[in-house]
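Here's the structure, in structure tokens; my notes come after.
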Amino acid sequence: MSKSKHTKFHSKHELLSKDIYDNSTMLPSRYVLVLTNKCNLNCSFCYQDKQSYEKNMKTNDWLNLINQLPAYSRITLTGGEPLVYSDFKNIFTEVATKFDCNIITNGLLLTKDIIDYILSFEKFKVLSISVDDIGNLSRDVTPKQWIELKENLSYFIKRRDELRLDTLLDIKTLILDNTSEQLFDIYKFCKEELNCDTHAFQFLKGSELQHADVISPYEKIFDNPNTYKYKKMNQIKQELQKVQKYNSTANTNSYVHPDFADLNNQSNLDNLDILNKDFNSNDYKKCIFPWSSVHINYDGELIPCLAIGMGNVKNKPLKDIIFSERFNKFKLEISKNLVPACSRCGWLKSKEL
């Protein structure tokens, strides 16, 4: 059983974020490439649009963008489901040859051949898989798919260790009311059965604008979102207390996203209650991540943390979009005051921590 930890991959981005915030001429360091909006699952809590469009980025469009990225870039390949993208291997090759990178996937399309291929690149740092319950039943995963996923993750760990790589298996568990009583068992399973290196519990997004692929009008960031209020927050805290106790004896770590609680000591978890409150920007620290992290949507639209279009990389150079009047307006807005669409964003930092 391996010990979870914040990685150099993650820490490097946080340090660069501060530098970029202070330097108005630096491009972002983190680029999330939404290769496709298609997915092989249909999760009820997903905001993604799964329709097929002619406007989708083609391989040459992605390659042109990749060639514009600064040398210090960190790349996340995601979707939809990134392995659905027909030319995934070519895009991955170009990215992983040049930049530290990670993949966010549901894992169901992984094969031994794909695992061998991605592990052949030293710059491939993290494979992130979602495990929301034992069996991923909340994602309508079939028993056969679940068995194959476990086998492939075991193979990933085996090959990674044989090659003596520092590539990590990261598992993210979405916190849902209907699985609230299972959170500790899920975590223990991820650590002891799946042997994940890093783990995070993620609360549901507070706004449909966060990291979504459906572009909204700029003004919508000021609308009060219909943030889901957890009905079983007390149960959730009880389960996370079990995680705290487990971590203290098993020498393992886990994290909460947003980072409003420390699961690696016996600290009080009542600060999590803020996630069920109506959003108040005064409760949070200034956010610097729109300066350092952007998404490129499947259709080429560049968006910050919130799904409002800043310009399309298919017809505008990356620098022109990043330093545009529209993007500067957004960053100025966020620097003055967080907006309602920031509710329960994973980048939020509580003033109380």
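The values are calculated or read from the model by the stated rules, or taken from the named source; none is laboratory data. Worth saying up front: this structure is predicted, and the values here are computed from it rather than measured. Because the Cβ atoms are built from the backbone with ideal geometry, glycine has one as well, and the counts that use them run over all protein chains shown. All accessible areas refer to the heavy atoms of the entire protein, side chains included, with ligands and DNA or RNA removed. Shrake-Rupley method; radii C 1.70, N 1.55, O 1.52, S 1.80 Å.
Once you've got the GNM for the chain with C-alpha springs shorter than 10 Å, pick whichever of P82, P70, P290 has the biggest mean-square fluctuation.
In the Gaussian network model the winner is P70.
Quick query: amide H of D299 versus all other amide H atoms, modeled in the peptide plane; which residues come in under 5 Å with a sequence gap of 5 or more or a different chain?
Excluding prolines and chain starts, which carry no amide H, the hits are M57.
Report, by chain and number, residues whose modeled amide H sits under 5 Å from the one on H199, excluding near sequence neighbours (fewer than 5 apart, same chain).
Sorted by chain and number, the residues that satisfy this are K5, I171, Y255.
Using a Cα-Cα cut-off of under 18 Å, which aspartates and glutamates could be cross-linked to K336, ignoring same-chain neighbours fewer than 8 residues away?
Qualifying aspartates and glutamates at Cα under 18 Å: D22, E219, D223, D283, E325.
Could you give me D for the stretch 105-151, from Stokes-Einstein at 10 °C and 1.306 mPa s, where the hydrodynamic radius is the Kirkwood radius over C-alpha pairs? Units µm² s⁻¹, please.
Approximately 136 µm²/s, per Stokes-Einstein.
Taking all pairs of distinct Cα atoms, average 1/r, flip it, and tell me the Kirkwood hydrodynamic radius of the stretch 231-353 in Å to one decimal place.
Taking the inverse mean of 1/r over all distinct Cα pairs, the stretch 231-353 comes out at 16.7 Å.
Computing the accessible area with a 1.4 Å probe over protein heavy atoms, can you report the carbon and sulfur percentage for the chain?
48 percent
Of all the C-alpha pairs in the stretch 154-300, what % are more than 29 Å from each other?
Percentage above 29 Å: 30.
Any idea of the accessible area per residue across the chain, 1.4 Å probe, to the nearest Å²?
Per-residue accessible area for the chain comes out at 45 Å².
In terms of modelled amide H atoms, which long-range or inter-chain residues lie less than 5 Å from the amide H of L338?
none
Work out the length of the dipole vector of the chain about its Cα centre, built from +1 on the beta-carbon of each Lys and Arg and -1 on the beta-carbon of each Asp and Glu, and round it to the nearest 20 debye.
Here the size comes out at about 540 debye.
Just the C-alpha atoms of the chain: what Rg/Rh do they give, with Rh taken as the Kirkwood radius?
For the chain, the value is 0.94.
Looking at the stretch 164-267, which GluC sites (Glu not before Pro) are in a loop (DSSP not H, G, I, E or B) and have at most 11 other Cβ atoms within 10 Å?
Answer in residue order: no site qualifies.
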